[in-house]
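So the structure is just underneath, and the comments pick up after that.
The values are calculated or read from the model by the stated rules, or taken from the named source; none is laboratory data. All values reported here derive from a predicted model rather than from experimental measurement. We place every Cβ from the backbone using ideal geometry, glycine too, and count neighbours over all the protein chains shown.
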Amino acid sequence: MDSKKLYQISRIIPISIFSIFIVIVSCNNKSRLIKNRLDIVESLMENHPDSALAIINSIDVSEMTRDSQKAQYALLKSMALDKNYVDTTTFDVLKPAIDYYLEYGTPDEKLRTYYYQGRIYQNRSDYDNALKSYIRGLDLTESCRDSLTIARMLVAQGIIYQSFYDYYGYIDNCLKAAKIYEAKLLEYLEFDCLASALNGFNILKDKDRADSVINILTHFKELDNTQRLLLHNLHLTYIYQFGSKKDILNLIDNNEDSLDYDVNGILNLAKAYNKLGDNFRALQNLNYLDEIKAEYDTFKYLSIKYPILEDMKNYEEALNVYKDFVDRLEIINSAKFEQKSQSMEERHQMELQAERNAQENFRIVCCLIGGLAILVLIVIVLALIARSHKTKKVLAMQKARTIELENDNLKSERERLTLENMNLQLERDKKALEAENLAHRVEVLEGESESLKALLETPEEIPEEVQQAIQTRIEMLNSLLAGYITDNSKYEEPYDIWVKQLTDNTEEFMNSNRLAFQASHPKFIRYFEDHDLTESEINYVCLYAIGLRGKEVGNYMKKRSHVNISSAIRKKLGIDKHETNIGIYVRKLLKNL
């Protein structure tokens, strides 16, 4: 290699190394930039979810190479969508987080993933899978620090319990979430959870616990209009459940001008007027809801309307409303029973599975202990055997070598005897086969000779040249038979001379062969004559009839044009060139005619 090439290489190597370094640094910088932006999104998530969603939507996912970064992006985007009230029903966004965090994530990452997985199931109304996700997430709470996600998960799970009419589970989850929000000084969320718990106590008519929750709620001072209206509605429900008519009247008079009731508040107000005996105003409130076509809790609406109609002595309509109420009540009770039965069955299955697992673990432990004991016993026995055999080791080795040598000698002798027996058997088999072949060939030759003799003795007139060909073949077959029968090659010499002379003269042999077939298989020859084959073409076909193949026919005839002959014959016989082999066709025809 000259100095110029060395100089060029010495310049290329540093440039290549520098380029690789730039690429690595660029990739690291890009990855670090994405990480910083994801950290910013996480810091904005609680207080500015709209900004967090805008930033995360600006990140190019295709630039991410690590699964951990894709999982972080997927989880943060799912959080941003949920906090911006975008209810997703597919796992397209969250799937990378599910695939990565549920296997490799920290307890907090798993908790968040389970929560948003449950939220998607809940948006799809798949409450069973939503509950399973929440339960798996809440199992991690002891090792998690993200208490806000725990509180949100409790609230979401409580909503499902409420839809199943499991108010005890609903209340319990709301109170647990309220404690977490209280510790985080999130009074707005704490108030909502306590209000939900009060609603449950009102439904269950648990006055003592409802009193305790109302006492806590009255200490909240900075409430917005929505919260004040909610508290008033709950208080009104509490009063008409547990208070006197005077208490109801005071509550209505003191707050009616300052509050605009929502749909639920109007239902509560109608119930309150019914308890006061002012059924006209109570019915007015219900009719107002019908006029504005408001969406309300039909079950609650019916439970309020039928006693109003009954008090107004409108018994027929009251009965119809009551029937509708009872029908819906049965549907609710059936749903509660079904859910309860399902929960009991699931718990039973879990208990059975736990019992089976315990039994399996016990068996595994017993097997391990037993195996260890057996292993120790084996080691002890082996040690004792090794110790007892140590003194006899030299003698045993010598004896083993002697026995091995004797075995080798015996093995060699057996192999020699086996080989001799095999040779003897092969020799016997060979002689038996030769004898069998000889007998078969003799039988065939005798049959052919007798057949030819029978042709000569037939009363039908046979042409002289055919008679001559048949007579010659009989003489040669007789000489060949004599050689096979006496096992003396001297008798075969005339046959060998005749075969050589006949086959050396191609035209004479082919004519003789055709005449022999004409005598023994006249229908065979007549078939070709009927198809206008010439004498030379019939001679050609008869070569196939004695068993030659196409290549062998060409070699024997020493003609390059034998392919053209074959083509002409095929055309006369109507054989397609791709249909079959002409030799197979001729031999099959010989057999059938």
Subject >> Sole residue being at pLDDT 90 or above, over 47 Å from the mean Cα position of the chain (by Cα) and part of a helix (DSSP H, G or I), chosen from 198, 194 >> reply: 194
Original post:
How many residues are surrounded by 10 or more Cβ atoms within 10 Å (Cβ to Cβ), small (Gly, Ala, Ser) and modelled with pLDDT of 60 or more when one looks only at the stretch 339-390?
Top reply: 6
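Could you grab me the full set of residues in the stretch 134-177 that are farther than 21 Å from residue 205 by Cβ and among the small types (Gly, Ala, Ser)?
Within the stretch 134-177, 137, 143, 147, 151, 156, 177 qualify.
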**OP:** Can you give me the number of residues within the stretch 269-286 that are part of a helix (DSSP H, G or I), over 60 Å from the mean Cα position of the chain (by Cα) and not hydrophobic (A, V, I, L, M, F, W, C)?
**Re:** 6
Original post:
Just to be sure, is residue 226 surrounded by 15 or more Cβ atoms within 10 Å (Cβ to Cβ), at pLDDT below 85, of a type in the set (Ser, Thr, Tyr) and over 49 Å from the mean Cα position of the chain (by Cα)?
Top reply: no
Subject >> Among the candidates 53, 38, 111, residue that is assigned to a helix (DSSP H, G or I) and at pLDDT below 85 >> reply: 38
Original post:
Which members of the stretch 30-86 meet the condition of being among the β-branched types (Val, Ile, Thr), crowded, with 18+ Cβ neighbours inside 10 Å and closer than 22 Å to residue 114 by Cα?
Top reply: 41, 56
Original post:
Pick from 203, 160, 150, 180: which is of a type outside the set (Ser, Thr, Tyr), in a helix (DSSP H, G or I), within 25 Å of residue 271 (Cα to Cα) and out of contact with any Asp or Glu (no Cβ under 7 Å at 6 or more places or on another chain)?
Top reply: 203
Original post:
Do the conditions hold for residue 296, that is, is it under 60 Å from the mean Cα position of the chain (by Cα), free of Cβ contacts under 8 Å to residues at least 24 places away in the same chain and within 24 Å of residue 330 (Cα to Cα)?
Top reply: no
**OP:** With the condition kept exactly as written, say whether any residue in the stretch 108-122 is assigned by TED's automatic domain parsing to the domain that holds residue 61, more than 23 Å from residue 189 (Cα to Cα) and among the hydrophobic types (A, V, I, L, M, F, W, C).
**Re:** no
**OP:** Can you tell me which residue within the stretch 541-572, out of those that are modelled with pLDDT of 85 or more and surrounded by fewer than 18 Cβ atoms within 10 Å (Cβ to Cβ), is nearest to residue 528 (Cα to Cα)?
**Re:** 572
**OP:** Of all residues in the stretch 573-588, count the ones that are closer than 16 Å to residue 527 by Cα, at pLDDT below 85 and among the basic types (Lys, Arg).
**Re:** 1
**OP:** Could you please find all residues in the stretch 160-185 being touching a residue at least 12 places away in the same chain (Cβ under 8 Å) and among the aliphatic types (A, V, I, L, M)?
**Re:** 160, 171, 175, 177, 178, 180, 183
Subject >> Looking only at the stretch 272-287, and only at residues there that are in contact with a Phe, Trp or Tyr (Cβ under 6 Å, 6 or more places away or on another chain) and surrounded by fewer than 22 Cβ atoms within 10 Å (Cβ to Cβ), the one that is modelled with the lowest pLDDT >> reply: 275
